[in-house]
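The structure appears below as structure tokens.
The values are calculated or read from the model by the stated rules, or taken from the named source; none is laboratory data. All values derive from a computational prediction rather than experimental measurement. Virtual Cβ from ideal backbone geometry, glycine too; neighbours counted across all protein chains shown.
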Amino acid sequence: MTDSKAHPLTAHVAIIGGGPAGLMAAEVLADAGVSVAVYDGMPSVGRKFLLAGVGGMNITHAEALEPFLGRYGTRRPQLEALIRNFDPAALQAWIHGLGIETFVGTSGRVFPKEMKAAPLLRAWLARLKAAGVVFHVRHRWFGWADDGALRFATPAGEIAVHAAASVLALGGGSWQKLGSDGAWAPLLAARGVDIAPLQPSNCGFDVNWTPFLVDKFAGSPLKSIALSFTPQNGETVHKRGEFVVTKHGVEGSLIYAFSAGLRDAIAANGSATIHLDLVPDRDLERVIREVSAPRGSRSLSSHLQSKVGIEGVKAGLLRECVSKEDFNDPLKLAHAIKSLPIKLVAARPLDEAISTAGGVTFHALDEHLMLNALPGAFCAGEMLDWEAPTGGYLLTACFATGRAAGQGVLDWLASQP
Ligand SMILES: Cc1cc2nc3c(=O)[nH]c(=O)nc-3n(C[C@H](O)[C@H](O)[C@H](O)COP(=O)(O)OP(=O)(O)OC[C@H]3O[C@@H](n4cnc5c(N)ncnc54)[C@H](O)[C@@H]3O)c2cc1C
């Protein structure tokens, strides 16, 4: 990809942000014969998309559409029509059209066959360029000039770009070094656009661990456990999975699955307590029997290890969270093994999160994702006010909203005199 210093005054539509949402909007427009320029502040586009591919990218999920749509929680009403218009099946067909095979993992998550994002992005960018999309990297958008032109900081200085319409697809506020830093929020707010505060989603949490636990177990994965949490005014949710004990607290897929409710509970109450079942395959009666069995001259630790399978970080957590008296009471210890309370005191900072909650509210947009306050300017992707768990739901909504914004621009251009 090359830098362009030319002022693309002829560009009909400016897409700002070359992540999955912006690129999808560009594709819709280019396919319709509209001239499109994509601007991105970074030296290359799609950096977060590439990172998402590093540990095995879930691009969507193969579950039935009804539960799939339910993953968007309170934003389902706003996203449903857009996702039905480009649903997981359509998304997979689109990926296949780029020559990338996909497979469904045991969890139902859909992955590119090579598990990486790079081949897909390469093929997609080649197709976009062939369709006439022009890319301007190292172009950082920072607002509008008085005459409505888009202002960019570039290596050659500031430029102003006049476009018939624009799509802002600027991402959330996490992993700032990859280009999405949420700096758009005050720019849009100053123009009267309603923005819900950006917050971490799919994030880790702080726990006030003792230095001993950090020293011995930071970085240790907790596997084959179940987590229960009761969100505010909600029913208790149990889920099996795994997470990692970190020097700050806890992180990993099982924690991320609960992160929205945990974050909101901490905001309301100052802390949130999760309960861990350290041996979900054994019922409480069995654990009571095993813990209470005579242990002869064996230490309690080796008894727990041989009888209940509690060792390593699981044993460390028990010592950390159970008082000495309760530890020596077999009944109380058995209950703790099946339901160990851990108090989370804060969400980790936004920059560390997988994704961002909050953003441009749906009240600020019409049904085509055009900003009510700024006719001709559309928004798409993670910068909109929705959140979803990991598992392909994030990218699916980014693609779907990018597509909707592209189609919205087409309709809007057609409606202009
Ligand atoms: C570690 C990690 C793993 C993930 N794994 C998955 C996964 O497996 N499955 C899944 O569904 N999702 C995953 N995600 C989330 C997914 O990557 C994002 O939701 C998605 O990339 C958001 O797409 P977007 O187009 O809205 O924004 P982004 O991909 O963030 O793109 C926004 C673009 O806008 C540019 N930009 C921002 N501000 C400006 C500006 N002022 N001027 C010019 N350009 C600007 C940025 O440089 C960037 O290129 C993961 C995220 C992370 C961090």
* Residues located in the range 368-411, provided they are in a helix (DSSP H, G or I), within 11 Å of the ligand (Cβ to nearest atom) and more than 19 Å from Ile59 (Cα to Cα) -> Ala405
* Could you grab me the full set of residues in the range 167-178 that are within 20 Å of His363 (Cβ to Cβ) and not in a loop (DSSP other than H, G, I, E, B)? => Val167, Leu168
* Specify the residue that is nearest to Gly108 (Cα to Cα); the eligible residues are those in the range 368-409 that are out of contact with any strand residue (DSSP E or B) (no Cβ under 7 Å at 6 or more places or on another chain) and at pLDDT below 95. => Thr390
* Structure fact -> Quick count over the range 25-64, residues being assigned to a loop (DSSP other than H, G, I, E, B), surrounded by 22 or more Cβ atoms within 10 Å (Cβ to Cβ) and β-branched (Val, Ile, Thr), is 2
* To do: Look at Leu198 and say whether it is at pLDDT 95 or above, touching a helix residue (DSSP H, G or I) at 6+ places or on another chain (Cβ under 8 Å) and within 30 Å of Asp264 (Cβ to Cβ).
  => yes
* Structure fact -> Going through the range 198-219 in order, the residues found to be more than 16 Å from the ligand (Cβ to nearest atom), in a loop (DSSP other than H, G, I, E, B) and under 29 Å from Tyr72 (Cβ atoms) are Val207
* Starting from the range 140-159, take each residue that is under 20 Å from Gly171 (Cα atoms) and list its partners that are assigned to a strand (DSSP E or B) and among the acidic types (Asp, Glu), counting only C-beta distances under 9 angstrom and pairs at least six apart or across chains. => Phe142/Glu158; Arg151/Glu158; Phe152/Glu158
* To do: Might you check whether a residue that is basic (Lys, Arg), in contact (Cβ under 8 Å) with a residue 12 or more places away in the chain and assigned to a helix (DSSP H, G or I) occurs anywhere in the range 94-116?
  => no
* Scan the range 165-179 and give yes if some residue there is more than 11 Å from the ligand (Cβ to nearest atom) and either touching a Ser or Thr at 6+ places or on another chain (Cβ under 6 Å) or of a type in the set (A, V, I, L, M, F, W, C) (or both), otherwise no. => yes
* **Residue list for the range 127-162, filter: more than 14 Å from the ligand (Cβ to nearest atom), out of contact with any helix residue (DSSP H, G or I) (no Cβ under 8 Å at 6 or more places or on another chain) and assigned to a loop (DSSP other than H, G, I, E, B)** => Ala145, Asp146, Asp147, Gly148, Ala149, Ala156, His162
* Picking from Thr106, Thr102, which residue would you name as being on the phi < 0 side of the Ramachandran plot, in the same structural domain as Glu27 (by TED's automatic domain parsing) and buried (at least 17 other Cβ atoms within 10 Å of the Cβ)? -> Thr102
* To do: Among the numbered conditions (1) within 21 Å of Ala52 (Cα to Cα); (2) aromatic (Phe, Trp, Tyr); (3) in a strand (DSSP E or B), tell me where Trp124 comes up short.
  => (3)
* Identify, by number, the condition in (1) closer than 21 Å to Leu350 by Cβ; (2) in a loop (DSSP other than H, G, I, E, B); (3) not aromatic (Phe, Trp, Tyr) that Arg282 doesn't meet. => (1)
* To do: Please work out if Lys247 is touching a helix residue (DSSP H, G or I) at 6+ places or on another chain (Cβ under 7 Å), in the same structural domain as Val308 (by TED's automatic domain parsing) and among the charged types (D, E, K, R).
  => yes
* To do: Using the structure shown, decide if Thr60 is within 11 Å of the ligand (Cβ to nearest atom) and more than 30 Å from Ala153 (Cβ to Cβ).
  => yes
* Among the residues of the range 179-197, how many are surrounded by 15 or more Cβ atoms within 10 Å (Cβ to Cβ) and part of a helix (DSSP H, G or I)? -> 4
